[in-house]
């Protein structure tokens with residue numbers, strides 16, 4: 001599904017990703033862990049198409065297409081979804097109107113007919129239940145005045161509505177209490193199918209108790225330095241990132 | 001204007017033209033003649049404003065005020081394309097008044113069902129019929145000494161609208177005033193609107209122009225008297241052709257416990273200048289001023305507002321928001337005076353701008369002068385760009401760049417648009433704004 005090869009990217013004059021490689025297949029959950037500043041969020045930004053990041057070399061192929069050639073909206077329409085670490089507030093744009101517009105544009109891109117209003121409302125109702133969002137929230141402006149937990153639940157709600165092929169969760173667990181963490185993680189698990197995939201970027205192991213990864217990668221200084229199964233996350237939690245540095249003699 | 005032909009400046013020629021016709025222009029009415037004479041005298045001291053005129057320095061008026069345009073003949077109303085009135089901005093359920101180049105159109109206006117306690121007529125008719133309300137109030141709010149466009153309008157106008165809402169009357173349907181500029185000339189339109197004690201009504205005025213009107217300049221002066229405890233909502237929508245010009249002066253006096261709310265949306269014409277001057281002329285009254293302007297290409301939109309607190313315990317709220325695109329220019333100049341006797345005043349003013357292009361310009365000047373000591377006042381101005389983080393967030397969900405900008409700007413404008421009291425007009429305006437990107 002996704003193939004990142006020898007990616008070098010950064011912002012302004014600073015190179016952050018230095019030879020990053022990753023292969024993700026349908027049905028897989030990949031966790032990317034690593035200390036602060038290792039380039040985890042840069043990876044998420046580059047995948048979603050944030051324009052302030054420049055890719056110097058390497059390639060990202062998604063479902064056979066060159067992702068780097070696409071503007072952010074086309075990446076989303078092809079099936080990439082980024083759950084933001086810090087979702088921005090958009091006063092005056094209701095969640096309902098926002099999602100109606102997003103779905104309309106995505107369907108048009110795919111050559112599908114517009115969604116029926118009744119069908120849209122039914123879908124809203126079903127997906128809200130997954131992340132335990134109440135109706136009042138979706139009538140409000142996007143993220144405006146939301147608590148940290150509400151913002152993250154809203155991200156997963158959008159993911160449920162847009163049904164992406166590849167979801168990238170950028171530190172979705174940060175700032176969540178244990179209940180919100182459980183709701184968010186259950187939402188993600190519920191949305192998992194053999195046809196989609198998920199990249200979970202996290203600093204801590206605790207999210208991975210709920211979203212069980214098939215692979216865990218440790219990122220350091222802009223590339224993956226160690227990969228393993230879910231047990232690697234536990235080992236990291238126990239021994240800390242210094243252990244990796246020592247083991248790899250870096 | 002500095003150009004001189006045969007030794008006379010443009011202003012002098014304009015003056016000479018109207019001075020020689022003062023007898024016919026005064027309709028045989030001595031009071032009206034005095035007003036015309038005052039205007040002639042005032043204009044002779046001022047003339048048309050040049051670029052050196054502090055209050056009009058950002059406006060290029062030469063294209064509109066020239067020898068070809070200033071001696072307007074009455075337009076031929078029969079050639080007007082009435083398709084102009086098949087427009088989503090025209091309310092279906094309203095008393096309709098159409099002014100063509102400032103002249104009241106009996107054929108296009110529709111006042112059927114107008115209650116007896118509301119008087120609406122051509123201003124020329126009201127004067128020639130010696131209507132006492134018209135003659136008492138005309139020229140009392142718009143001071144010819146203060147502004148060259150007030151004086152030139154007052155010396156030259158031939159017609160306009162007179163409306164008198166009598167005491168205690170509450171109008172169920174709105175009044176819509178449609179100004180149509182039909183020819184490429186400098187026309188004068190005059191309105192006198194008197195809302196008597198405890199009356200209530202809504203007015204929507206819509207500025208349109210025929211699509212072949214070229215560099216037409218409409219100089220409109222409106223005098224609005226909000227009587228004691230009266231309640232007036234006044235919405236102005238400006239959607240003239242890109243070649244047209246509009247100078248729109250509105251003088252409002254609000255008496256004891258009166259309420260006045262105005263929403264001004266400016267999208268059309270090449271050059272628009274709104275002079276909105278509101279005097280809180282009695283205690284316990286309230287004025288709310290909202291404005292949205294969105295110039296594109298090389299449009300120049302200039303809003304000058306003045307809120308004059310003269311009496312205690314009044315409140316004014318002002319919010320003007322703008323979006324400036326391409327090489328367009330916007331000007332906001334807002335003055336709030338709180339005079340010595342205006343204790344317990346609450347006066348708030350805010351101006352916000354979004355620049356969409358590197359070549360767009362905003363000149364903003366909020367001004368607050370306070371001479372009373374027990375008041376709550378604030379004013380502020382901000383100018384920025386569309387938040388790139390918000391744009392990216394929307395795009396990351398599959399929304400195109402254009403649509404994302406349109407969604408954000410519609411949301412930005414909605415803070416003003418939501419104050420338009422008519423649902424259908426509110427929706428039409430929101431639609432027009434969203435299509436502007």
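The values are calculated or read from the model by the stated rules, or taken from the named source; none is laboratory data. The structure presented is a predicted model; accordingly, all values stated were derived computationally and were not measured. Please note: Cβ atoms are built from the backbone with ideal geometry, for glycine as well, and neighbour counts cover all protein chains shown.
One residue alone among B:344, B:340 is assigned to a loop (DSSP other than H, G, I, E, B), on the phi > 0 side of the Ramachandran plot and either without any contact (Cβ under 8 Å) to a residue 12 or more places away in the chain or more than 14 Å from chain A (Cβ to nearest Cβ) (or both), and that residue is B:344.
Quick check: is even one residue across the stretch A:173-185 out of contact with any strand residue (DSSP E or B) (no Cβ under 8 Å at 6 or more places or on another chain), touching a residue at least 40 places away in the same chain (Cβ under 8 Å) and more than 18 Å from residue A:206 (Cα to Cα)? Looking for residues that are out of contact with any strand residue (DSSP E or B) (no Cβ under 8 Å at 6 or more places or on another chain), touching a residue at least 40 places away in the same chain (Cβ under 8 Å) and more than 18 Å from residue A:206 (Cα to Cα), one finds none in the stretch A:173-185, hence no.
At the interface with chain A (Cβ under 7 Å from one of its Cβ atoms) and touching a strand residue (DSSP E or B) at 6+ places or on another chain (Cβ under 7 Å): does that describe residue B:425?
On the way: at the interface with chain A (Cβ under 7 Å from one of its Cβ atoms): no; touching a strand residue (DSSP E or B) at 6+ places or on another chain (Cβ under 7 Å): yes.
Criteria not met by residue B:425.
Residues considered: A:165, A:152. Of these, the only one that is in contact (Cβ under 8 Å) with a residue 60 or more places away in the chain, within 30 Å of residue A:65 (Cβ to Cβ) and surrounded by fewer than 20 Cβ atoms within 10 Å (Cβ to Cβ) is A:165.
Let's see how each residue does on (1) modelled with pLDDT of 95 or more; (2) out of contact with any helix residue (DSSP H, G or I) (no Cβ under 9 Å at 6 or more places or on another chain):
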residue	(1), (2)
B:128	no, yes
B:164	yes, no
B:172	no, yes
B:180	no, no
B:188	no, no
B:191	yes, no
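Filtered by the rule that a residue be more than 12 Å from residue A:224 (Cβ to Cβ) and more than 17 Å from the chain's Cα centre (by Cα), the stretch A:7-36 gives A:8, A:9, A:10, A:11, A:12, A:13, A:14, A:15, A:16, A:35, A:36. Scanning the stretch A:42-67 for residues that are more than 14 Å from every other protein chain (Cβ to nearest Cβ), surrounded by 15 or more Cβ atoms within 10 Å (Cβ to Cβ) and not in a strand (DSSP E or B) yields A:42, A:43. Evaluation of residue A:146 against the conditions (1) more than 26 Å from residue A:10 (Cα to Cα); (2) away from chain B (no Cβ under 14 Å); (3) touching a helix residue (DSSP H, G or I) at 6+ places or on another chain (Cβ under 7 Å) shows that the sole unmet condition is (2).
Give the residue, chosen from A:93, A:88, that is under 28 Å from residue A:186 (Cβ atoms), at pLDDT below 95, facing another protein chain (nearest Cβ under 8 Å) and not in a helix (DSSP H, G or I). Sole residue among the options that is under 28 Å from residue A:186 (Cβ atoms), at pLDDT below 95, facing another protein chain (nearest Cβ under 8 Å) and not in a helix (DSSP H, G or I): A:93.
Listed residues B:198, B:209, B:243; which is over 13 Å from the mean Cα position of the chain (by Cα) and touching a residue at least 60 places away in the same chain (Cβ under 8 Å)? Give the derivation first.
Details: B:198 fails: touching a residue at least 60 places away in the same chain (Cβ under 8 Å); B:243 fails: touching a residue at least 60 places away in the same chain (Cβ under 8 Å).
Just a single option satisfies the conditions, and that option is B:209.
State the number of residues belonging to the stretch B:252-261 that are surrounded by 23 or more Cβ atoms within 10 Å (Cβ to Cβ) and assigned to a strand (DSSP E or B). Adding up the residues that qualify gives 4. In summary, residue B:139 fulfils each of the numbered conditions (1) in a strand (DSSP E or B); (2) within 21 Å of residue B:47 (Cα to Cα) with the single exception of condition (1). Out of A:17, A:99, report the one residue that is over 28 Å from residue A:187 (Cβ atoms) and surrounded by 21 or more Cβ atoms within 10 Å (Cβ to Cβ). Testing whether each residue is over 28 Å from residue A:187 (Cβ atoms) and surrounded by 21 or more Cβ atoms within 10 Å (Cβ to Cβ) leaves just A:17.
Put simply, of B:128, B:152, B:222, B:199 the only residue that is farther than 29 Å from residue B:282 by Cα and surrounded by 19 or more Cβ atoms within 10 Å (Cβ to Cβ) is B:152.
Can we say residue B:350 is surrounded by fewer than 16 Cβ atoms within 10 Å (Cβ to Cβ), more than 12 Å from chain A (Cβ to nearest Cβ) and within 29 Å of the chain's Cα centre (by Cα)? Step through it out loud before you land on a result.
Numbers: surrounded by fewer than 16 Cβ atoms within 10 Å (Cβ to Cβ): no; more than 12 Å from chain A (Cβ to nearest Cβ): yes; within 29 Å of the chain's Cα centre (by Cα): yes.
No: the conditions fail for residue B:350.
The set of residues in the stretch A:102-120 that are more than 12 Å from chain B (Cβ to nearest Cβ) and surrounded by 13 or more Cβ atoms within 10 Å (Cβ to Cβ) comprises A:115, A:120.
Table: residues versus (1) more than 26 Å from the chain's Cα centre (by Cα); (2) under 19 Å from residue B:188 (Cβ atoms).
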site: B:9; (1), (2): yes, no
site: B:28; (1), (2): yes, no
site: B:37; (1), (2): no, yes
site: B:50; (1), (2): no, no
site: B:58; (1), (2): no, no
site: B:64; (1), (2): no, yes
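Candidates are the residues of the stretch B:388-414 that are over 23 Å from residue A:108 (Cα atoms), at the interface with chain A (Cβ under 7 Å from one of its Cβ atoms) and in contact with a strand residue (DSSP E or B) (Cβ under 7 Å, 6 or more places away or on another chain); the one that is surrounded by the most Cβ atoms within 10 Å (Cβ to Cβ) is B:412. Criterion applied to A:220, A:210 was being touching a residue at least 60 places away in the same chain (Cβ under 8 Å) and farther than 22 Å from residue A:63 by Cα, and the one residue passing it is A:220.
The selection criterion, being within 14 Å of chain A (Cβ to nearest Cβ), in contact with a helix residue (DSSP H, G or I) (Cβ under 6 Å, 6 or more places away or on another chain) and without any contact (Cβ under 8 Å) to a residue 40 or more places away in the chain, does not hold for residue B:433. From the residues in the stretch A:68-85 that are in a loop (DSSP other than H, G, I, E, B) and more than 23 Å from residue A:187 (Cβ to Cβ), which one is farthest from the other protein chains (Cβ to nearest Cβ)? This residue is A:70.
Filter the stretch A:121-143 for residues that are part of a loop (DSSP other than H, G, I, E, B) and within 14 Å of chain B (Cβ to nearest Cβ) and give the result.
Filtering the stretch A:121-143 down to residues part of a loop (DSSP other than H, G, I, E, B) leaves A:131-134, A:140, A:143.
Passing the criteria: A:140, A:143.
Of all the criteria given as (1) modelled with pLDDT under 95; (2) assigned to a strand (DSSP E or B), the one not satisfied by residue B:232 is (1). Residue count for the stretch B:288-306 under the criterion of being within 15 Å of the chain's Cα centre (by Cα) and free of Cβ contacts under 8 Å to residues at least 60 places away in the same chain: the result is 6.
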